[in-house]
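Chemist: Below are the structure tokens for one structure; questions will follow.
The values are calculated or read from the model by the stated rules, or taken from the named source; none is laboratory data. None of these values were measured; they are calculated from a predicted model. With ideal geometry, Cβ positions are generated from the backbone for all residues, glycine too; neighbour counts draw on all protein chains shown.
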Amino acid sequence: MSTVNNQNRGWTRVVISLVLAAAPAFVHAQVSLRTVVELAQQNSSTVKLAEADVRKAEASLAETEDAYIPNFSLGSQVGYSHGFPTGQPSLFSATMQSLVLSYSQRQYIKAARAGVQAANLNLKDAREQVALDASTNYIELDTVNSELASAQQQLSFADALVRIEQERDEAGVDSDLDLLQARLRLAEIKLARNHLETRAGTLSKQLSTFTGLPIGSILTDHGSIPEIPEVTGDEVPRNLPSLQSAAEEARSKQFQARGDDLSWRRPSIGFGAVYNYDSNELNSYSTYYNHFTPNNVSFGLQITVPFFDFALRAKGKASAADALRATVEAEQAQRQNDVQIATLIGNIRELDAQAEIARLKQQIAASQLKSVLTQLELGSGAGNGPGAPQPLSPKAEQLARIDERQKFEDSLDAGFDLSKTRLTLLKSLGNMEDWLNEVHAK
């Protein structure tokens, strides 16, 4: 089933790549977050390496378990000899051998099984990390695209402001300083737009690297992005794949150490059988051996009792040190994750407050713009008598529009920073898979 799914995903990627590369009309095509995540996981070298580790671990498990299955091999030792024969004249031979009893092998099998578990968990963690990186880049590109659209509107308002100030300067209403300030505002907006374009280009290239699709071919679909849950510090962390993998790796090394320790403490038993079909045609074997028979069979058990083997003893000590190191590293990874969770929770509180402030500022700017537009259309209502406020000039509208767009972009930036940190916390808490299920359901 997994092979079929991999083939289907491969065909999906090929079809999308061909459509995007061959049809100019589809050079900028909307690609959902789900497609980006799936292609990133298929294209990731990290995931491919983790998959190779899984296959290697499974092969190592099969190797340790198959030690109890008798192997069978065929051979021949045909050759001419003169004088006293130096070897058995076998035209055909068959050998069979296997392990019957080994206290160490049992531990090696447990170590290999734990290694398979560790490799599978590491693969799961690699897929989640790639999905997190691809999702973060996709959401950021979607945010930057919205900011670019707003920046373009800002640019048109700043152009209008410069024209208005030029007219007012020529009419002697405003000073040259007002015109210079308008031009400065226009230059700052152009610079900000250039930054956004550079940022969008970088994100587009990163997504291209993730997915293998042509650079600039991905047009984000905002509707494909699920809502990121508001994670709090009250949630109990689940077992992370990375931490579970480290723990299973430590268990594997512990079993390996036990096996190496038992190898010089406990005996082992092996089984062997040999069949030879011998010939006397090319040698003088029968001259020196009176009872020559062509068919010869031997079988039996080989019992090994370690008595004085410092090499095996030293190997056991080295394996024990490796197991201790792996155990400490697993504990260290758990502590680091706990610290990261605490840090992210603190950051989320601060970013949540910043996002709320940015939203309120944007709402205030929008309300002020609405008030300016109303006054320009209907007047302030204060009349023209002494002490009445001066009527608003056309440049007030452009300034209000520029300010509202800037506050809108600030709000988008603050929202993205909050979303990015929430996604990272989701992974640190072990809840990334739940969110990915929502991505795949879109």
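Chemist: Please find, among THR220, THR232, the residue that is over 30 Å from PHE310 (Cα atoms), in contact (Cβ under 8 Å) with a residue 40 or more places away in the chain and touching a Phe, Trp or Tyr at 6+ places or on another chain (Cβ under 7 Å).
Modeler: On the way: THR232 fails: touching a Phe, Trp or Tyr at 6+ places or on another chain (Cβ under 7 Å).
When all the criteria are applied, what remains is THR220.
Chemist: Of the residues that make up region 48-60, is at least one closer than 24 Å to LEU121 by Cβ and either of a type in the set (S, T, N, Q) or at pLDDT below 50 (or both)?
Modeler: To start, the set of residues in region 48-60 that are closer than 24 Å to LEU121 by Cβ comprises 48-60.
In the following step, the residues that additionally are either of a type in the set (S, T, N, Q) or at pLDDT below 50 (or both) were identified as 60.
Yes, there is a match, as at least one residue in region 48-60 is closer than 24 Å to LEU121 by Cβ and either of a type in the set (S, T, N, Q) or at pLDDT below 50 (or both).
Yes or no, residue by residue, for (1) over 44 Å from the mean Cα position of the chain (by Cα); (2) under 30 Å from ASP322 (Cα atoms); (3) among the acidic types (Asp, Glu):
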site	(1), (2), (3)
HIS222	no, no, no
ARG238	no, yes, no
GLU281	yes, no, yes
TYR285	yes, no, no
HIS291	yes, no, no
PHE299	yes, no, no
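Chemist: For region 83-136, name all the residues that are in a helix (DSSP H, G or I), hydroxyl-bearing (Ser, Thr, Tyr) and over 28 Å from the mean Cα position of the chain (by Cα). Quick ask: steps written out before the conclusion?
Modeler: The first filter runs over region 83-136 and keeps only residues in a helix (DSSP H, G or I), leaving 103-136.
Next, from what is left, pick out any that are hydroxyl-bearing (Ser, Thr, Tyr): 103-104, 108, 135-136.
Answer for region 83-136, where residues must be in a helix (DSSP H, G or I), hydroxyl-bearing (Ser, Thr, Tyr) and over 28 Å from the mean Cα position of the chain (by Cα): TYR103, SER104, TYR108.
Chemist: Which one is surrounded by the fewest Cβ atoms within 10 Å (Cβ to Cβ) among residues in region 362-399 that are modelled with pLDDT under 95 and touching a Ser or Thr at 6+ places or on another chain (Cβ under 8 Å)?
Modeler: It comes out as PRO389.
Chemist: Could you please tell me which pairs satisfy a Cβ distance under 7 Å, a separation of 6+ or placement on different chains, a first residue in region 204-217 that is free of Cβ contacts under 8 Å to residues at least 60 places away in the same chain, and a second residue that is surrounded by fewer than 15 Cβ atoms within 10 Å (Cβ to Cβ) and of a type in the set (Val, Ile, Thr)?
Modeler: Qualifying pairs under 7 Å: LYS205/ILE215; SER208/ILE215.
Chemist: If I filter region 413-437 down to residues being touching an Asp or Glu at 6+ places or on another chain (Cβ under 8 Å) and of a type in the set (D, E, K, R), which single residue comes out as nearest to ALA333 (Cα to Cα)?
Modeler: Only one residue tops the list, namely LYS427.
Chemist: Please go through region 61-82 and give me each residue that is modelled with pLDDT under 95, in a helix (DSSP H, G or I) and small (Gly, Ala, Ser), ordered by number.
Modeler: Within region 61-82, ALA67 is the sole residue that qualifies.
Chemist: Using the structure shown, decide if ALA320 is surrounded by 12 or more Cβ atoms within 10 Å (Cβ to Cβ), over 20 Å from MET96 (Cβ atoms), out of contact with any Pro (no Cβ under 6 Å at 6 or more places or on another chain) and free of Cβ contacts under 8 Å to residues at least 40 places away in the same chain. Full working, then the answer.
Modeler: Details: surrounded by 12 or more Cβ atoms within 10 Å (Cβ to Cβ): yes; over 20 Å from MET96 (Cβ atoms): yes; out of contact with any Pro (no Cβ under 6 Å at 6 or more places or on another chain): yes; free of Cβ contacts under 8 Å to residues at least 40 places away in the same chain: no.
So ALA320 fails the test.
Chemist: Follow-up. Report whether or not ALA171 is among the aliphatic types (A, V, I, L, M) and in contact (Cβ under 8 Å) with a residue 12 or more places away in the chain.
Modeler: Working: among the aliphatic types (A, V, I, L, M): yes; in contact (Cβ under 8 Å) with a residue 12 or more places away in the chain: no.
For ALA171, the condition - among the aliphatic types (A, V, I, L, M) and in contact (Cβ under 8 Å) with a residue 12 or more places away in the chain - is not met.
Chemist: Give region 279-330 a look and list any residue that's within 30 Å of SER93 (Cα to Cα), in a loop (DSSP other than H, G, I, E, B) and of a type in the set (A, V, I, L, M, F, W, C), or say none. Walk me through how you get there before you give the answer.
Modeler: Initially, region 279-330 is screened for residues within 30 Å of SER93 (Cα to Cα), giving 279-305.
Right, trim to in a loop (DSSP other than H, G, I, E, B) and you get 279-284, 289-294, 305.
Answer for region 279-330, where residues must be within 30 Å of SER93 (Cα to Cα), in a loop (DSSP other than H, G, I, E, B) and of a type in the set (A, V, I, L, M, F, W, C): LEU282, PHE292, VAL305.
Chemist: Okay, next question. List every residue pair whose Cβ atoms lie under 7 Å apart, where the two residues are 6 or more positions apart in sequence or sit on different chains, the first residue falls within region 26-45 and is farther than 19 Å from GLU438 by Cα and outside any helix (DSSP H, G or I), and the second residue, located anywhere, is of a type in the set (Phe, Trp, Tyr) and at pLDDT 95 or above.
Modeler: Listed by first residue and then by second, the contacts come to nothing, as the list is empty.
Chemist: Restricting attention to region 132-174, and to residues there that are closer than 16 Å to ILE218 by Cβ and of a type in the set (A, V, I, L, M), which single residue is surrounded by the fewest Cβ atoms within 10 Å (Cβ to Cβ)?
Modeler: Residues of region 132-174 closer than 16 Å to ILE218 by Cβ: 133-146, 148.
If we keep only those that are of a type in the set (A, V, I, L, M) as well, we get 134, 139, 141, 144, 148.
Values: ALA134: 24, ILE139: 21, LEU141: 22, VAL144: 26, LEU148: 16.
So the residue we want is LEU148.
Chemist: A further question on this structure: Going through region 308-356 one residue at a time, which ones are farther than 19 Å from GLU248 by Cβ, touching a Ser or Thr at 6+ places or on another chain (Cβ under 9 Å) and aliphatic (A, V, I, L, M)?
Modeler: Matches in region 308-356: LEU312, ILE341, LEU344, ILE345, ILE348, LEU351, ALA355.
Chemist: Pairs please, first residue from region 391-413 and part of a helix (DSSP H, G or I), second anywhere and of a type in the set (Val, Ile, Thr), Cβ atoms under 7 Å, 6+ apart in sequence or on different chains.
Modeler: Within 7 Å, the pairs are PRO394/ILE164; LYS395/ILE164; ALA396/VAL372; GLU397/VAL372; GLN398/ILE164; ALA400/VAL372; LEU412/THR143.
Chemist: Only residues that are in a helix (DSSP H, G or I), of a type in the set (A, V, I, L, M) and surrounded by 15 or more Cβ atoms within 10 Å (Cβ to Cβ): list them for region 183-239, please. Spell out how you get there, then give the answer.
Modeler: To start, the set of residues in region 183-239 that are in a helix (DSSP H, G or I) comprises 183-211, 222-224.
Those still in the list that are of a type in the set (A, V, I, L, M) too: 184, 186-187, 189, 191-192, 196, 200, 203, 207.
LEU186, ILE189, ALA192, LEU196, ALA200, LEU203, LEU207, listed by residue number.
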